[in-house]
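Working notes for the structure below.
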């Protein structure tokens, strides 16, 4: 730096930083030999912090406002500079401006697929990516832990470290959560909020606040995605006949759009085979229906009757009805049929009990006297 520049900087008594970038997190105010005039004006804008560093030691941290750099406003720096007796010459100190606004749309994602165990599909490899946002909440801690002595510090210099932290914790949290893959895809918002709560404390160790993690996509390997698509298609197909009709109509439409191509001939052949197969199935179904013989009609039950100490019969129910009429079969007469385990009175057999009630003759009313 030349003599003119040295004199110019010593005459300038306003220290401020107007940020025209979107990714600068920390900026060190440059002065010749780090000399700052006693009584200079310090302007700290909204969403900024100003950190004074004297010979490698942090002296003061100032929030938004306009300050006159003098003894009463910088007690710690005054002690370090030995201003006890109104020493008003230029002093040496470094001023770091920290941008406290929110930095959004920072990217994170898995470089390699993550292995996890799924309750429905078993072992799976998944990829995930999204965005996150941070901001500086503890300027002193951020400078001590991350920035060091760099003059300009941008999000690019810390994004890799933060991205690796998110990815590593994502694998641990998701692997132990037991959330099925299909449920993850349906609840990206809730998953992002859950990850934010779990990972935020580790960002706090750097003086940063993790404002939000967004999960934009969780994807499966191509082969697994194809298998899942087939499985979904089978579930949506439902009626196979309707599915075949749909496929046939779609193939015919494709063939009509390409009448001269070899593909249309193959499609037509496929359609013809499918229709022939369906017609053959229909004919077979009709032939099968025609060849079916109905079962034989049920045979009437016949009973053996105990008469004079001997078994007679078997007799059909119509014959037993005649015996009831001529008095040779009474309710107490023992009867038996092949579906009975023992001889039973006729009145206790359901098939014969009505024979006795039907044959009860009711006399006509008496004539009037």
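Bear in mind these aren't lab numbers, they're just calculated from the coordinates by the rules spelled out. Keep in mind that what you see is a predicted model, and the values were worked out from it rather than measured. Note that we place each Cβ from the backbone using ideal geometry, even for glycine, and neighbour counts take in every protein chain shown.
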Problem set entry | Solution diffusion estimate, µm²/s, Stokes-Einstein, segment 303-358, Kirkwood Rh from C-alpha pairs, 4 °C, viscosity 1.567 mPa s | 117
Exercise. When the Kirkwood radius is taken over all Cα pairs of segment 103-223, what Stokes-Einstein diffusion coefficient follows at 25 °C and 0.890 mPa s, in µm²/s?
Worked result: 160
Problem set entry | By average C-beta atoms within 10 angstrom, highest first, the peptides 121-133, 318-330 | 121-133, 318-330
For this session: Could you list 196, 211 in order of exposure, starting from the residue whose Cβ has the fewest other Cβ atoms within 10 Å?
Result: 211, 196
Exercise. So how do 57, 310, 68 line up by other beta-carbon neighbours within 10 Å, fewest first?
Worked result: 310, 57, 68
